[in-house]
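Every read-out reported here was derived from the displayed coordinates using simple, explicitly stated rules and does not represent laboratory data. Every value quoted in this text rests on a predicted model; they were computed, and no experiment measured them. Reconstructed Cβ throughout: ideal geometry from the backbone, glycine too, with neighbour counts over all protein chains shown.
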Amino acid sequence: MNADVKFYWELIKKRLPIMVVIFVLCAGVGVGLALTMPPKYRADASLVVQGSVLPDELFTATVQTEAAKQLQAIELRLMTRANLIDIAAKFRVFRDSSGMSPDDVEKAMQQATQFRLTSGGRDSATILNISFESSNPQIAADVVNEFVTYVLNEDAKRRIGESGQTLEFYQRRVENLNRRLSEQSAEIVAHKEANSDALPDGLQFRLDRQAQLQERLNLNARDRTSLVEQRNRIVEAGSRAGIQGALTPQQQEINRLETEIRSKLAFHAPDSPTIKFLRERLHILRSDELPGDSTGEEDSLSSMLDLQLAAIDSEIRSIDQDSETMEAELQLLHAAIERTPQVAIRLDELEREYEATQAQYNEALRSRSTAEQGVDVEESAKGERVELVEPATVPQSPTSPNRKLIAGGGVFVGSALAGVFFVLTELFNSAIRRPVDLTRGLGVQPLATIPYLEEHSLRRRRRVLKVLFLIVVMVSIPFGLWAIHTYYLPLDLLLEKIIERVGL
């Protein structure tokens, strides 16, 4: 057991220089990074979505987008390429920005910026945390406050803009519906004026008037018949008394036709073919009627009969004129009554359209009133909005890097790699160095073993060379890291490029 411990101790001392080099290299890199990495300061700000101060039963919000979606949309607009480049240039976020491409600036800004959106549900507040890391604490705070200002302005502008668009939409709708109402009202008035004689409201009056005129026509027909009979009796009495020439045959035919027309009107329409034919004959006979020749002096009886006949004829003509007037009015009433259903149907259609448009107009007025309230609420910041809870302040201490952790990680990795080097060299070394190796390799048991005897001067020289090698290594590694960091590229950036190139 003691021989094995001594053997391994000798192996450790033999490989110690290389193990020291590995350890020093890793520890040096870790310590170098811990010492050379620039400090990073992180500034934070918190915003919360504040609910409306007005009760829901008194005010209906015109902006209905969920708070989380609102903030996500604002974040997307905030993190656009142009916006990030403008902010980086405004606050001079990167000292060597002249050597950075726009893509590098955008990527670095995205890596340094962090948004954390917390939404606990319907009854919980929606919180947005914004943070930014920079080597300059003042720049970190300024950038975060710039982000906060952008978010607040965008939220207010979006809400006022959406409420204004809603109001503009309903304003146009009210105007369009008002114009449509005017057009429909004018169409209804024009339809009523064009069909004033056939409107459904006057149908009952027209029916009553038609019945009255028909009744008067019947009375006129009876009165005329009575007058014609009376005239005939007078003519017959005059004939028996020897009075001649009271009526000519043509006048008797005219009287007969008039009597026939009056009797047939009780059963036929005024515009029927039979009535038209009889009236044409009557017109022809009247146009051909010539006054009778005077027979000289007439006796007093003949004069009396003529006066009676003239009075009866005058009465008959008055009845005929009255009947013709009523027949013309009856024709107009008949035509108007027949047109009334069509006029009523079209009028109902127009009025239904008007009522539907009126209902839409009233609804649009209510919506416009709500939209106007929404604009007032959003402009006075009384509705749901994003509020700043905690602004960004200049951090007093860096948040990264963790120098102790990086240095300790370098020491740990160096120790681990040195141990792995020692273990692997022993696993892959098949040389015979101990009696037990001889027994295992050849299967024989040696009687005695003679160790290698090294001269004292050679041993001392070898030890000096090892010490010098270790000194050179321990000096050259930190110096090399310093030279690389100073004249080539900072170690943190070099490490980032190596990680990016490897794809980790």
Full-extension gain in nm, residue 119 to residue 284, via 0.36 nm per residue minus C-alpha separation: 49.1 nm
Potential lengthening between residue 175 and residue 157 on full extension [0.36 nm per residue; Cα-Cα distance subtracted]: 3.8 nm
At R0 = 60 Å, FRET efficiency that the Cβ-Cβ distance of residue 108 and residue 11 yields, to 0.05: 0.75
Label point distance in nm, residue 219-residue 18, each placed 7 Å from Cα along Cα→Cβ: 14.4 nm
Using a Förster distance of 35 Å, the FRET efficiency for residue 129-residue 366 (Cβ separation, nearest 0.05): 0.30
Gyration tensor verdict on the range 177-241 (Cα atoms; rounded if a/c is under 1.5, prolate if a/b is larger than b/c, oblate otherwise): prolate
Point-to-point label distance, residue 201-residue 456, nm (Cα→Cβ direction, 7 Å offset): 14.3 nm
When each of 90/157; 69/90; 90/404; 69/157 is checked by Cα-Cα distance, pairs over 26 Å: 69/90; 90/404
Ranked 271, 306, 96, 44, criterion: other C-beta atoms within 10 Å, fewest first: 96, 271, 306, 44
Cα centroid separation - the range 174-242 against the range 138-165, whole Å: 79 Å
Cβ-based exposure ranking for 9, 482, in which fewest neighbours within 10 Å come first: 9, 482
Simple spin-label estimate for residue 190 and residue 487 in nanometres, 7 Å along Cα-Cβ: 9.6 nm
Sequence of 472, 228 once ranked by neighbouring C-beta atoms within 10 Å, starting from the fewest: 472, 228
Stretchable slack from residue 229 to residue 463, in nm (0.36 nm times residue separation minus alpha-carbon distance): 67.0 nm
